[in-house]
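Right, one structure below, let's go through it.
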Amino acid sequence: MKPIPINGIRLGPGQVWTGQGSSRIRPLDSVCQALSTRRINMVCAGLHRRENQEWFSGCVESQYRDVLARLSDRDTTVPPPADVTQVSVYPHRNRLEVPSVLMAMLARADIPFFHLVSSPAVISVVIDTRSQDQVIALLENTFDLPVSHTPYFQEIDQDISALLKKYPETRSTYVEEKIKTYGIQLTPGVSLLQVQDSRDRLMQIRHGLVADGDPDARFHLVSVMQIPGRRIDAVFVLGTHRFDNENEELEPVDLITFHGPHFGDRYRILQAALNCLEMDRVPLRAAACTGASISLVFPAGAGTAAQTALAKGFDAP
């Protein structure tokens with residue numbers, strides 16, 4: 001198979017992963033809420049909801065390990081923090097083949113991942129730090145990278161202490177009354193495939209997603225997270241796409257995507273969105289964010305109500 005072209009690789013080392021599962025939705029007692037209260041930035045995150053279950057996955061800088069460890073000690077639904085690296089790739093035109101090949105590549109090498117999550121511009125996979133070099137080598141051998149490619153190391157919150165000492169008057173802290181965005185986009189009439197099963201079963205399903213003869217099939221959102229019991233919970237939001245499988249069904253949904261003004265500013269933006277939706281009782285199926293974008297999945301027809309709810313907490317051009 002000819003290697004798939006991508007625009008590059010970005011590495012985010014020095015991170016810690018945390019997760020949470022619950023038999024009921026508990027928005028006021030979640031890891032996401034705890035991090036938001038402490039103003040701790042989430043580099044990427046995902047939230048999957050079913051009728052009686054909720055799964056959360058997120059990454060923060062390693063300096064906050066002790067905070068996550070205390071959350072884990074107090075709440076048995078929160079696993080101990082794990083040292084991870086976020087590896088991001090930039091696909092061409094959101095081809096569904098890219099996350100499919102990524103998952104297959106990791107499965108063949110028997111490399112587990114904590115979370116694989118997309119935005120309109122990037123796909124990030126959260127792996128154990130010890131697998132970082134192996135995954136980079138696999139990516140270089142699997143994808144068609146730019147000639148000048150070298151992995152770009154992304155600083156999450158760069159140290160600005162030297163700048164503050166030189167120009168202390170240029171730094172101030174404020175809280176916006178309404179969070180500014182670059183635009184809130186509603187995409188109605190897309191399809192949701194949500195799967196909770198083993199990784200082997202997921203590999204069968206992902207093959208079916210790209211085996212319909214359309215190499216240019218697109219995705220709107222992919223979020224696949226590890227949950228207890230060596231199982232995977234996966235969310236695929238697809239556009240016009242045929243998926244023939246008697247055991248899995250596509251559900252019509254609405255998708256909202258918006259872009260925050262601050263790269264990686266996840267501690268407040270995601271929780272603010274969840275709060276707006278909770279206040280107006282808008283049902284949410286899934287949320288995912290990486291890079292500078294947040295994607296929210298709603299039952300079909302609920303997208304307009306979600307836009308109205310989000311307008312109470314966010315400004316859009």
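Where residues in region 280-317 are polar (S, T, N, Q) and closer than 15 Å to F56 by Cα, which of them is surrounded by the fewest Cβ atoms within 10 Å (Cβ to Cβ)? Only one residue tops the list, namely S295.
Answer yes or no: is there a residue in region 281-296 that is at positive phi and touching a residue at least 24 places away in the same chain (Cβ under 8 Å). Even if it seems obvious, please write down each step before you answer.
The first filter runs over region 281-296 and keeps only residues at positive phi, leaving 281, 291.
This time we only want the ones that are touching a residue at least 24 places away in the same chain (Cβ under 8 Å), so: 291.
Scanning region 281-296, I find at least one residue that is at positive phi and touching a residue at least 24 places away in the same chain (Cβ under 8 Å), so the answer is yes.
Here S191, S161, S198 are screened, and the one residue that is modelled with pLDDT under 65 and of a type in the set (S, T, N, Q) is S161. Can you confirm whether Q20 is touching a Phe, Trp or Tyr at 6+ places or on another chain (Cβ under 6 Å), closer than 26 Å to T257 by Cα and either hydrophobic (A, V, I, L, M, F, W, C) or buried (at least 21 other Cβ atoms within 10 Å of the Cβ) (or both)? It is true that Q20 is touching a Phe, Trp or Tyr at 6+ places or on another chain (Cβ under 6 Å), closer than 26 Å to T257 by Cα and either hydrophobic (A, V, I, L, M, F, W, C) or buried (at least 21 other Cβ atoms within 10 Å of the Cβ) (or both). Does A69 satisfy being touching a residue at least 60 places away in the same chain (Cβ under 8 Å) and surrounded by fewer than 18 Cβ atoms within 10 Å (Cβ to Cβ)? Against the criterion (touching a residue at least 60 places away in the same chain (Cβ under 8 Å) and surrounded by fewer than 18 Cβ atoms within 10 Å (Cβ to Cβ)), A69 does not qualify. Close contacts from region 32-55, counting a first residue that is at positive phi and a second that is outside any strand (DSSP E or B) and modelled with pLDDT under 85, with Cβ to Cβ under 6 Å and a gap of 6+ residues or different chains, come to R39/Y267.
Considering the conditions (1) of a type in the set (V, I, T); (2) within 28 Å of R201 (Cβ to Cβ); (3) at pLDDT 85 or above; (4) in a loop (DSSP other than H, G, I, E, B), V89 is excluded by exactly one of them, (4). Hey, can you tell me all the residues within region 101-123 that are within 15 Å of W17 (Cβ to Cβ) and either of a type in the set (A, V, I, L, M, F, W, C) or surrounded by 22 or more Cβ atoms within 10 Å (Cβ to Cβ) (or both)? Those that are within 15 Å of W17 (Cβ to Cβ) and either of a type in the set (A, V, I, L, M, F, W, C) or surrounded by 22 or more Cβ atoms within 10 Å (Cβ to Cβ) (or both): I111, F113, F114, H115, L116, V117.
The values are calculated or read from the model by the stated rules, or taken from the named source; none is laboratory data. A quick note: this is a predicted structure, and the numbers were derived from the prediction, not measured. Every residue, glycine as well, gets a Cβ built from its backbone with ideal geometry; the counts of neighbours run over all protein chains shown.
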